[in-house]
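Quick notes on the structure that follows.
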Amino acid sequence: SPTSGRIAYQMSDRNTFAKTDIWIYNDLTRTPTRLTNDGNSGNPYWMGDGERVVWITRDGSGVHVRRQRWDGTGTPETLFSGDSTILYVVPSPSGSRWGVVKNGGFSDLYVTEGEPPGALRPLVISPNGEGGPRFSPDGRWIAYFGDESGQTEVYVIAANGDGGRHQVSTDGGGEPVWAPDGKTLYYRTGGSLVAATIETSPAFSVTSRTPLFPDRFVGSGNVAEYDVSRDGKNF
């Protein structure tokens, strides 16, 4: 969570692996607690306040984007619903803007704004696939992966769509995650976790790319299978 001390994750039932629910792990008490019980929920993300979790629930009527406090108090609120092509939804740190990935044969990236969110606005649409969006800590930028070049690379684009995209990785990359200070963007490539140093003023640029450690962990090639702690020291 943005305030540290808790991890939101999805877990499958151990019998059939067909059902998934949202769980919260409290690092202070070393205790996992179940948040949902419908067997159709996944892809959790923290709101910027560190108190609420957003996730996707799927049923016969489509996809529902829901939100609730991490401790399960209160009633889950449905932010918006859509068709089954919605894969996952990622909130900005302020919660006023949302990145949405839809699958129309190949996945595309959309943005919606407001509380509750309004109509989806296309951000990156191509004949290839895009996904894995993560907002920068200031909410101005979205990192994502795309395979327009023939291999998957990490890109950054302004959340308002201005200025075009900026390529971050150079020899393949995916699963981007921002450092809490917004000056580093992590991604996975070639068996390593890489830290790219980012400058956004006066113009967007990547000033260095540094492999941090060997990457021997589970990878989806889609949403990031890792995260960074608030102090930027733990993965």
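Any residue at all in the stretch 175-183 that is within 22 Å of Leu87 (Cβ to Cβ) and part of a loop (DSSP other than H, G, I, E, B)? No, the conditions are met nowhere in the stretch 175-183. Just so you know, in the stretch 1-22 the residues that are in a strand (DSSP E or B) and within 25 Å of Ser136 (Cα to Cα) include one that is least open to solvent (accessible area, probe 1.4 Å), and it is Ile22. Hey, can you tell me all the residues within the stretch 187-218 that are part of a strand (DSSP E or B), under 13 Å from Val156 (Cα atoms) and either open to solvent by less than 20 Å² (accessible area, probe 1.4 Å) or among the hydrophobic types (A, V, I, L, M, F, W, C) (or both)? Answer for the stretch 187-218, where residues must be part of a strand (DSSP E or B), under 13 Å from Val156 (Cα atoms) and either open to solvent by less than 20 Å² (accessible area, probe 1.4 Å) or among the hydrophobic types (A, V, I, L, M, F, W, C) (or both): Tyr187, Ala196, Ile198, Val206. The set of residues in the stretch 61-119 being under 24 Å from Val154 (Cβ atoms) and touching a residue at least 40 places away in the same chain (Cβ under 8 Å) consists of Leu87, Tyr88, Val89, Val90, Pro91, Ser92, Pro93, Ser94, Arg97, Gly99, Val111.
Of all residues in the stretch 124-135, none satisfies the criterion of being modelled with pLDDT of 95 or more and surrounded by fewer than 22 Cβ atoms within 10 Å (Cβ to Cβ). Scanning the stretch 38-73 for residues that are acidic (Asp, Glu) and touching a Leu at 6+ places or on another chain (Cβ under 9 Å) turns up just one, Asp71.
Restricting attention to the stretch 163-174, the residues that are assigned to a loop (DSSP other than H, G, I, E, B), within 13 Å of Leu185 (Cβ to Cβ) and small (Gly, Ala, Ser) total 2. On the stretch given as the stretch 23-50, residues that are under 27 Å from Ser96 (Cβ atoms), open to solvent by less than 60 Å² (accessible area, probe 1.4 Å) and in a loop (DSSP other than H, G, I, E, B) total 5. If you go through the stretch 136-162 and keep only what is under 15 Å from Tyr187 (Cα atoms), surrounded by 14 or more Cβ atoms within 10 Å (Cβ to Cβ) and not charged (D, E, K, R), you end up with Ser136, Ile142, Ala143, Tyr144, Phe145, Gly146, Thr152, Val154, Tyr155, Val156. Among the residues examined, Gly146 qualifies as free of Cβ contacts under 8 Å to residues at least 24 places away in the same chain, in contact with a strand residue (DSSP E or B) (Cβ under 6 Å, 6 or more places away or on another chain) and closer than 22 Å to Leu87 by Cβ.
Residue count for the stretch 124-158, restricted to those that are of a type outside the set (A, V, I, L, M, F, W, C), under 11 Å from the mean Cα position of the chain (by Cα) and not in a loop (DSSP other than H, G, I, E, B): 5.
Which of the following residues is closer than 23 Å to Asp27 by Cβ, touching a strand residue (DSSP E or B) at 6+ places or on another chain (Cβ under 8 Å), open to solvent by less than 20 Å² (accessible area, probe 1.4 Å) and aliphatic (A, V, I, L, M): Val177, Val223, Val168?
Values: Val223 fails: open to solvent by less than 20 Å² (accessible area, probe 1.4 Å); Val168 fails: closer than 23 Å to Asp27 by Cβ.
Among Val177, Val223, Val168, only Val177 is closer than 23 Å to Asp27 by Cβ, touching a strand residue (DSSP E or B) at 6+ places or on another chain (Cβ under 8 Å), open to solvent by less than 20 Å² (accessible area, probe 1.4 Å) and aliphatic (A, V, I, L, M).
The values are calculated or read from the model by the stated rules, or taken from the named source; none is laboratory data. All of these numbers come straight from a predicted model, not from anything done at the bench. We place every Cβ from the backbone using ideal geometry, glycine too, and count neighbours over all the protein chains shown. For accessibility, only protein heavy atoms count, side chains too; no ligands or nucleic acids. Shrake-Rupley method; radii C 1.70, N 1.55, O 1.52, S 1.80 Å.
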